[in-house]
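The values are calculated or read from the model by the stated rules, or taken from the named source; none is laboratory data. Because the structure is a prediction, the values reported are computed rather than measured. Note that each Cβ is placed from the backbone with ideal geometry, even for glycine, and that neighbours are counted across all protein chains shown. Remember, those area values only see protein heavy atoms, side chains included, never the ligands or the DNA or RNA. Shrake-Rupley method; radii C 1.70, N 1.55, O 1.52, S 1.80 Å.
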Amino acid sequence: MRKIISPIAMLLGLALIVLGIGQQTWWAPPTVVSASSAKVHDAAALTVIKPNIEGISEDGVELTIKAEGDFKVAMGRTVDVEAWVGDAAHQNVVGLTESEDKTPLIEVEKVDGEDTVPDPTNSDLWVDVQEGSGSMLYRFSNADQDDKDWSLLLFTNGKSAAPTEFVTDYHVEPDRSGPVAVILVGIVFLLLGLAMLFGPKRQGRRRRVEGAAAIAVTGVLAASLTQGALPASASPSPNTESPSPTQTQSPAETESAAPEGEETGTGEEGAENEGPRVQLVNSQVERILNDTAKKLESADKAQKVSSAVKRRLAGPALALREDNYTARAKASDLAKLAPVGTNVRTYAGTTDPEFPRQLLIVADQDKSDIPQLLFFEQRSARSNYRLVSATPMVPGASLDPIDPTQIGKATAKQSGLVATPEKLFTDLAKNLSDDKQAKNLTSDLKENTYIQLIRQDQKKQVEDNPDAKVSFARSFEPDSLTGITLKDGSVLATGTLKSTMKSTPEDDGASLKLNDLTKELSGAESDSTEQTLTVQKYEQYTVLIPAKDAENKKIQVLGVSEVTRAARLG
């Protein structure tokens, strides 16, 4: 009997082994699965893609983006993409799902909102913008990023429909528990057949029972392995030859400066905030600075501020340049304002995602080694950074390296400083006009060559006009204040003082001397006048205000820019 059963068991065992091996090799299901998106009707002007698309990969995706015609793909921080999109209608690429016939689908979800938006192409929020036409393979990975906080924004021009057709190939780990169980059962049958063929001819009933029990246990183990199959896991597909163009983007490729503070706090307080943060990378800063410099260069040539220039210029920086152009139209010998340097030395921006945001860039000009302190402000997600202050550093001033990891906003009444920014600029206005006012400020200020020159010049004007009453007055413009809080709690702030000098002859017949510049600006016909002369200027200051617990509590005036606005008689 066993001569019949033994070969049958061995043949069955071999068949099961071959079957199990086949299930893992030539009969195995495909390990690379293709999924495509369903057609979206009435597509919106924007499409948002986040890297951790559910069901594809936690580290990133590889998508073929298809569209009819040209389109663009912008990469930015997720919080920035969401801020720019705002209430606009858009599509979200949600993740993988299945159709009724179990075909993998990329789910695209429509969100209602405003139908058209401005063209997002030139937004400062984007780390990179790629252009495609018809089709683009985009590899988007956050594998090297600690925060994994980057997203894509797809669009055409803000009015036409954004791409909504996508195809992705992803790797599926096959279920190997079933084939392994089949192979094990096959081995058991093979061994059983061999044992029956070559084993002793007589066996006790007990041995037969034990053998049967062993076979039963093996069967149970095999069945449990088969039923305990684990769900397939997904991982990115290996890179293969792909259609052109192929765009590979990872934020890790761009060196960044990580730059937070409370309204009345310091950088340390900002560090306790565990919410989303923003930070500019080198490419963004260089793009902002170069575009600003280019627009200001065109304005300086035309001696006129156009609407295009105003997209990069605001606040005091805009007022100073417009006043300079107006004054130079009357007095061509009046000095021009310095162009903006494009050689970046360092930069630091606030990391709070709320708007407005501040950015300080320390740069120098191509033909000068004098650094400039450039303050920019971004009022909203859809507006760009605009220059609000540009002050060359004064002789003798120094600025320690800035730690960009904790940069907060500065406010007018910020506490924790040797003086609030508002009080400092108010006292500085009084002190520069008359050093007998705000006397305590003189001892709080670090010795500064520029301030000494201002006082010497004012003294000389009094001495040169003995028959006149000469007075100086300055007032702080509160709306001009902006600044950042550094990690050590100190504040870098910039503000504008409106300066007025009045000179009035004291006696009948007495006259004032007018230099060529004052004569041209006031429209005087001679080199002297018996009328009151009023000269108005704007003075922009950048200061470093130490924290109360700092070892060095001296306030530093780091940079100054001055513009003569007007001169009049009478």
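Taking the range 505-515 as the range and being crowded, with 20+ Cβ neighbours inside 10 Å and in a strand (DSSP E or B) as the test, only 512 passes.
So that you can scan it fast, the table gives a plain yes or no per residue for (1) open to solvent by 30 Å² or more (accessible area, probe 1.4 Å); (2) in a loop (DSSP other than H, G, I, E, B); (3) touching a Leu at 6+ places or on another chain (Cβ under 6 Å):
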{"residue": "521", "(1), (2), (3)": "no, no, no"}
{"residue": "531", "(1), (2), (3)": "yes, yes, yes"}
{"residue": "543", "(1), (2), (3)": "no, no, no"}
{"residue": "553", "(1), (2), (3)": "yes, yes, no"}
{"residue": "561", "(1), (2), (3)": "no, no, no"}
{"residue": "566", "(1), (2), (3)": "yes, no, no"}
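Using the structure shown, decide if residue 463 is closer than 15 Å to residue 555 by Cα and of a type in the set (D, E, K, R). Criteria not met by residue 463. Here residue 78 meets the list (1) modelled with pLDDT of 85 or more; (2) under 22 Å from residue 160 (Cβ atoms); (3) in contact with a Phe, Trp or Tyr (Cβ under 8 Å, 6 or more places away or on another chain) almost entirely, failing just condition (2). Considering the conditions (1) in contact with a strand residue (DSSP E or B) (Cβ under 8 Å, 6 or more places away or on another chain); (2) of a type outside the set (Asp, Glu); (3) modelled with pLDDT of 95 or more, residue 401 is excluded by exactly one of them, (3). Within the range 384-404, the residues that satisfy the criterion of being assigned to a strand (DSSP E or B) and open to solvent by less than 40 Å² (accessible area, probe 1.4 Å) are 387, 388, 389, 390, 391, 393. Number of residues in the range 442-466 that are surrounded by 14 or more Cβ atoms within 10 Å (Cβ to Cβ) and touching a Gly at 6+ places or on another chain (Cβ under 9 Å): the value is 3. Of all residues in the range 486-504, exactly one satisfies the criterion of being open to solvent by less than 20 Å² (accessible area, probe 1.4 Å) and farther than 30 Å from residue 413 by Cα, namely 503.
Residues checked against (1) touching a Phe, Trp or Tyr at 6+ places or on another chain (Cβ under 7 Å); (2) in a helix (DSSP H, G or I):
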| residue | (1), (2) |
| --- | --- |
| 451 | no, yes |
| 456 | no, yes |
| 459 | no, yes |
| 475 | no, no |
| 483 | no, no |
| 497 | yes, no |
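Within the range 423-441, residues that are more than 19 Å from residue 542 (Cβ to Cβ) and open to solvent by less than 20 Å² (accessible area, probe 1.4 Å) reach no partner that is modelled with pLDDT under 90 and not in a loop (DSSP other than H, G, I, E, B) with beta carbons closer than 8 Å at six or more positions or on different chains. Among the residues making up the range 91-137, a single one is assigned to a strand (DSSP E or B), on the phi > 0 side of the Ramachandran plot and open to solvent by 10 Å² or more (accessible area, probe 1.4 Å): 134.
A single member of 430, 436 is at pLDDT below 95, part of a helix (DSSP H, G or I) and basic (Lys, Arg), and it is 430.
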